[in-house]
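Undergrad: One structure follows; several queries about it will come next.
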Amino acid sequence: MPPKADINKAGWEQSEFPILCETCLGDNPFIRMSKQEFGRECGTCARPFTIFRWNPGNGMRFKTTVICQTCAKIKNVCQTCLLDLEYGLPTQVRDTALALQNEAPTSDVNREYYAQNMEGKLEANRSGLDSARASSAAKDMLKQLARTDPYYKRNRPHICSFFAKGECNRGTQCPFRHEKPTDGALAKQNIQDRYHGRSDPVAQKIMAKHAENQGLKPPEDTSIVSLFLSSLPAEATEQSLRTTVIKSLPSMNPDKLKSVVHVAKSKCAFINFKDRDSAERAAEAWANGIDIHGQRVNVKWGRGRNSAAKPTATPTASTSA
């Protein structure tokens, strides 16, 4: 019985060619690819799908698809590396810049049902992501961070675990890399966090570095949990600022926003958060500014109470003639 005719296999996915980025596809124009229908379950929705396996180039490791095409279309990502197909960035970076809310469920009960419903909606569309209404600040941020050239170094073989233990005796014939592994946050990555854009160490490193380059390096004083907005439009109010802030940070709980202090006379405002981590996430999202009533607004870190209250030093007459 064909899979689609079997009611238990109606949600299984069949495809003729994978959705891949240029880096994962490799630089070999004469690539050979193997195909296996229903070879494994999707890494996000757990539905069986058609997997593809290929070697992207000489000296590279064999690569395979890890998520189904429906999940890839929902997020507009590569089926193998799970990076955005347009900008080559992790989904957390893209979604933070575009202020996109993650609608895909993460529970085992709902994710397969959600994927089946989205499959019918995406049959005629290439992607379920709509970035046409992105703000100018978000577009500038993505243009600066976009990876336009393929990075084939990512296709290298994995590090040999026996070499790390000092037990590999294959020498130059070993198909894995003979390098010492690096411990850190980048070594702890998983499919779910990369796809849903949450706690992705690669994305956090990219956004933190970009915010620092834009002059929003977190101050050493950890008690500073406020951001300063300047050059606000005349029609801005405290309520409109609060609404814009919450909409621009969909991944953050609105309860993390402590207060919004609007100084209409000076056309500025202070955005106060309840903890330092929320303030840093907001600074990373607003590295290129934030659009309020169609106008780009500059963002800076607030000052600490000690530094603001410190009087200006004056020369003293302690030296004797």
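Undergrad: Post the alpha-carbon centroid distance, region 42-105 to region 188-206, in whole angstrom.
TA: If you average the Cα positions of each part, the centres end up 12 Å apart.
Undergrad: Between Lys274 and Glu179, how high is the FRET efficiency from 1/(1 + (r/R0)^6) when r is the Cβ-Cβ distance and R₀ = 56 Å? Nearest 0.05. Kindly include the intermediate steps, with their values, before the conclusion.
TA: On the way: r = 43 Å, r/R0 = 0.76.
The value I calculate is 0.85.
Undergrad: Here is a follow-up. Can you check what the Kirkwood hydrodynamic radius comes to for region 211-292, Cα pairs only, in Å to one decimal?
TA: Value: 13.0 Å, from the Cα pair sum.
Undergrad: Determine, from the Cβ-Cβ distance of Lys300 and Thr148 and an R0 of 30 Å, the FRET efficiency 1/(1 + (r/R0)^6), rounded to the nearest 0.05.
TA: Here the calculated transfer efficiency is 0.50.
Undergrad: Here is a further query. Accessible area of region 255-308 with a 1.4 Å probe: how many percent of it is carbon plus sulfur?
TA: Values: 1300 of 2960 Å².
Carbon with sulfur: 44 percent of the solvent-accessible area.
Undergrad: Going 7 Å from the Cα of Arg61 toward and past its Cβ, which residues in region 41-55 have a backbone nitrogen under 20 Å from where you end up?
TA: Counting backbone N atoms under 20 Å from the label point, the list is 41-44, 51-55.
Undergrad: For region 158-227, what does the accessible surface come to per residue with a 1.4 Å probe? Please give it in Å².
TA: For region 158-227, the solvent-accessible area averages 68 Å² per residue.
Undergrad: Follow-up. Do any GluC sites (Glu not before Pro) in region 140-237 lie in a DSSP loop with no more than 13 other beta carbon atoms within 10 Å, and if so, which?
TA: Details: sites: Glu167, Glu179, Glu212, Glu220, Glu235; in loops: Glu167, Glu179, Glu220, Glu235.
Of the GluC sites (Glu not before Pro), the ones in loops of region 140-237 whose Cβ has at most 13 other Cβ atoms within 10 Å are Glu167, Glu179, Glu220, Glu235.
Undergrad: In nm, to one decimal, how far is the Ser136 label point from the Lys217 one, both placed 7 Å along Cα→Cβ?
TA: 2.9
Undergrad: Could you tell me what percent of the accessible area of region 150-192 is made up of carbon and sulfur, with a 1.4 Å probe and every protein chain present? All intermediate terms of the calculation are to be shown ahead of the outcome.
TA: Details: 1870 of 3470 Å².
Solvent-exposed carbon and sulfur of region 150-192 make up 54 percent of the total.
Undergrad: In Å², and per residue, what accessible area does region 242-282 have when probed at 1.4 Å with the other protein chains present?
TA: 55
Undergrad: Can you pull out the trypsin sites (Lys or Arg not before Pro) in region 133-198 that DSSP calls coil and that have at most 13 other Cβ atoms within 10 Å?
TA: Those that pass, being in a loop and sparsely packed, are Arg133, Arg170, Lys188.
The values are calculated or read from the model by the stated rules, or taken from the named source; none is laboratory data. Predicted, not measured: the structure shown is a model, and the values here were computed from it. Neighbour counts run over all protein chains shown; Cβ positions are idealised from the backbone, glycine included. Surface areas here come from the heavy atoms of the whole protein model, side chains and all, with no ligands, DNA or RNA. Shrake-Rupley method; radii C 1.70, N 1.55, O 1.52, S 1.80 Å.
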